[in-house]
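Q: Handing you this structure, nothing more for now.
A short reminder: the numbers here are calculations on the coordinates, not readings from a lab. In this text, all values refer to a predicted model and were calculated from it rather than measured experimentally. Positions of Cβ are backbone-derived with ideal geometry, glycine not excepted, and every protein chain shown enters the neighbour counts.
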Amino acid sequence: MNYLPIFYDLKDKLCSVVGAGGIAARKADLLLSAGARVRVISPILGGEMSRFNDEGKIDWAERTFQPGDLSDAFVVIAATSDKKVNEAVAAEALALKIPCNVVDNPQLCSFIMPSIINRDPVQIAVSTGGSSPVLARLIRTNLESCTPSAYGKLAALVENYRDVVKSTFPKVEERRKFWESILEGPVAEHVFAGRNEDARVLLEKLIEEAESDPGYKGEVFLVGAGPGDPDLLTFRALRLMQKADVIVYDRLVSEPIMDLVRRDAERIYAGKERSNHAIPQENINQLLVRLAKEGKRVLRLKGGDNFIFGRGGEEIAELIDEDIPFQVVPGITAASGCTTYAGIPLTHRDYAQACIFVTGHLKDGSTDLNWDMLSHAHQTVVFYMGLNNVGAICEELKKHGRDASTPAALIEKGTTPDQRVFIGDLDTLADLVRQNNVTAPTLIVVGEVVELHKKLHWFKPGEEIK
C-alpha cells in the first residue's frame with residue numbers, strides 16, 4: 001500500500017490553492033465543501049474561480065506565488081500550468097511539513113486527491129495512487145451506480161442512536177451484530193424508500209426489544225473459496241466473509257482471497273498437509289461449535305467446495321447435533337475451475353461422456369480405489385490430492401485396462417497467476433512431476449480430453465505447452 005487513506009477535518013482551517021484555472025477551481029470547490037477557508041494565490045482568476053471570489057467564498061491573493069506564502073496553511077494544492085512554480089510550492093510545503101498535492105505530478109505530492117463518492121456523512125474515496133486518475137473515476141462511476149443516495153440519511157439516522165445502543169450492548173461484537181441487522185434489514189429499506197419516519201419508529205422498537213433480550217446467538221458460515229482466483233467467489237461468499245468475527249481457514253485458501261475477509265476478524269489456521277494437520281478434523285468440528293456458542297459469527301473458509309473432499313458434511317453434522325445455526329455457500333471445485341483455466345473440458349461428446357472426481361488417498365493414506373471403474377475408456381478422471389501417489393495411480397490405471405498412452409495432465413496452482421500445466425500420458429506423468437519439481441496443490445487429469453489443451457488453453461495463451 002503506497003498511500004494511507006486519511007480523511008482530514010478541514011473545517012475553518014486555512015487551505016492554500018496556487019493557481020486559478022479550471023482544475024484549481026475544482027480543487028477549491030472540494031476544499032470549500034469540506035468547510036475549509038480557501039486562499040487562492042494567482043495573478044488572475046479563471047471563470048469559476050472568479051465566481052467564487054465574487055460570492056465571497058475565497059480569499060484572493062492577487063499575485064504570483066512567493067516564498068513565505070504557505071507559512072500559515074494547513075493544506076496546499078499546486079495547480080498552475082507552470083512546472084517551476086509547482087515545484088517551488090512543493091519544496092516550500094515539504095520544508096514546512098505541510099501536506100501538499102501537485103496536480104498531475106504524484107512525484108511531488110505528499111498526498112493525492114482521490115475520486116470521491118459523496119453521500120454525506122458517508123464518503124467513499126477511490127485512489128490508484130496517482131497512477132491512473134481516469135481508472136479511479138471509472139471505478140467511482142461503477143460504485144456510484146450501486147451506492148444508494150439515501151446512505152447519507154441512513155447514517156444520519158443511526159448516529160442519533162449510537163449512545164443508547166452502546167448502553168444496551170456493552171460488548172463491541174454485540175453492537176456490531178445489532179447495527180449490521182439494522183443496516184441490512186427493514187430499517188434501511190424504509191430509508192431507501194423515503195419513509196424516514198417509519199424507519200425511525202422501527203429502529204426504536206428494535207432497540208427496545210433488544211434491551212429486554214440483548215443476547216446474540218452465534219452462527220457458522222461454511223464457505224467454499226474456490227480454487228484460488230478471487231474473482232470466482234460468489235457474491236454471497238463475499239458478503240459473509242465481511243460479516244464474520246472469526247475466520248477458520250484452510251491451507252488452500254489463497255492469499256488474495258484472505259485479503260477480502262474482514263480485516264479485524266480473528267484468524268485461526270486449520271490447514272492440512274500430508275501427515276501434518278494443524279488442527280485435527282474432530283477438533284475443528286468442536287472449535288466451530290465452541291466459537292458459535294460464544295456468540296460469534298464463524299467463517300469456515302475452505303479451498304474449492306465444502307462438500308467435494310472438503311469434509312463439510314462432517315462439520316455440519318456436528319453443528320446440527322449441537323443446534324448451531326449455519327449457512328453453506330458452495331464454491332467452484334478445483335476440478336472444474338482448474339481444468340477450465342487449463343483449457344481442458346471435463347466432458348466432450350467426441351472424447352468423454354462421463355467425469356469422475358476421486359481423492360488420490362483415502363483416510364488411511366492408501367490408494368485402494370475401484371480401479372476397474374476408474375479405468376473405463378471415454379471418461380475423464382480427476383484425482384485430488386494425488387501428487388504423492390502419482391506413480392501408483394498411473395500404474396493401477398494401466399494394470400486395470402487403461403492404455404499407457406492415455407493423455408494425462410498435471411495442473412499446479414490452477415486459476416492463479418502461478419498456474420503451470422504439464423501434459424503427458426500414463427507412462428510419463430510421474431517423470432514430469434520429478435523433472436519439473438511439481439508441488440501441491442496439483443490436480444491429475446486423465447482422459448482423451450487432455451489433448452484439447454493444445455488448442456483451447458486460454459488463460460496463459462503465450463505459454464509454451466509442456
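Q: Relative to the longest principal Cα axis of the chain, at what angle does helix 83-95 sit, 0 to 90 degrees, rounded to 10?
A: 90 degrees
Q: Taking the Cα atoms of the range 14-113 alone, what are Rg (to one decimal) and Dmax (as a whole number) in Å?
A: Rg and Dmax of the range 14-113, Cα atoms, are 11.9, 35 Å.
Q: With unit charges on the beta carbons (Lys and Arg positive, Asp and Glu negative) and the dipole taken about the Cα centre of the chain, which residue among Pro67, Cys15, Gly414 sits farthest to the positive side?
A: Pro67
Q: Suppose every K and R has +1 on its Cβ and every D and E has -1 on its Cβ; what is the size of the dipole of the range 148-233 about the Cα centre, in Debye to the nearest 20?
A: With Lys and Arg at +1 and Asp and Glu at -1, about 200 debye.
Q: Still on this structure, I have one more. If you wrap a convex hull around the C-alpha atoms of the range 279-346 and split its volume per residue, what is the figure in Å³?
A: Numbers: hull volume 6.2 nm³, N = 68.
Output value, Cα hull per residue: 91 Å³.
Q: Please enumerate, by chain and number, the lysines with C-alpha under 22 Å from the C-alpha of Lys153, excluding those fewer than 8 residues away in the same chain.
A: Lys11, Lys166, Lys177, Lys205
Q: Taking one equal scatterer on every alpha-carbon of the range 151-212, how large is log10 of I(q)/I(0) by Debye at q = 0.13, 0.14 1/Å?
A: -0.30, -0.34
Q: Taking the alpha-carbon distance from Lys13 and a cut-off under 24 Å, which lysines remain once sequence neighbours fewer than 8 residues away in the same chain are dropped?
A: Result set, ordered by chain and number: Lys27, Lys57, Lys97.
Q: Oh, and also: Report, in degrees rounded to the nearest 10, the 0 to 90 angle that the Cα long axis of helix 196-212 makes with the longest principal axis of the chain.
A: The answer is roughly 60 degrees.
Q: Explain nothing, just the number: dipole magnitude of the chain about its Cα centre with +1 on each Lys and Arg Cβ and -1 on each Asp and Glu Cβ, in debye rounded to the nearest 20. Before the final figure, lay out each step's value.
A: Details: 54 positive and 65 negative charges, 168 e Å.
That gives the chain a dipole magnitude of about 800 debye.
Q: Beta carbons within 10 angstrom, averaged per residue: use that to sort the peptides 388-398, 150-160, highest first. Display every interim value, and only then the final one.
A: Working: 388-398: 19.5, 150-160: 16.4.
In descending order of packing, they fall as 388-398, 150-160.
Q: Along the charge dipole of the chain, Cβ charges K/R +1 and D/E -1, which of Ala199, Ser405, Ala237 sits furthest on the positive end?
A: Ranked along the dipole, the leading option is Ala199.
Q: Report the convex hull volume per residue for the range 1-73, counting only C-alpha atoms, in Å³. Each step should come with its number before you reach the end.
A: Numbers: hull volume 7.8 nm³, N = 73.
Given the Cα convex hull of the range 1-73, per-residue volume reads 107 Å³.
Q: Among DSSP bridges having both ends in the range 1-127, what percentage is antiparallel? Round to the nearest 5.
A: On the way: 5 of 21 bridges.
Around 25 percent of the beta bridges assigned by DSSP in the range 1-127 are antiparallel ones.
Q: List the lysines whose Cα sits under 28 Å from the Cα of Lys454, skipping any in the same chain fewer than 8 residues away.
A: Reachable lysines: Lys398, Lys399, Lys413, Lys466.
Q: Rounded to the nearest 10 degrees, what's the angle between the helix 133-145 long axis and the longest principal axis of the chain, both from Cα atoms, 0 to 90?
A: That helix lies at roughly 80 degrees to the long axis.
Q: Sticking with this one: Beyond 39 Å, what percent of the Cα pairs of the chain remain? Intermediate results must be reported in sequence, preceding the final value.
A: Working: 50652 of 108345 pairs.
Roughly 47 percent, once rounded to a whole number.
Q: In square nanometres, what is the average projected area of the Cα convex hull of the range 219-332? Spell out each step's value before the answer.
A: Numbers: hull surface 24.8 nm².
Mean orientational projected area (the range 219-332, Cα hull): 6.2 nm².
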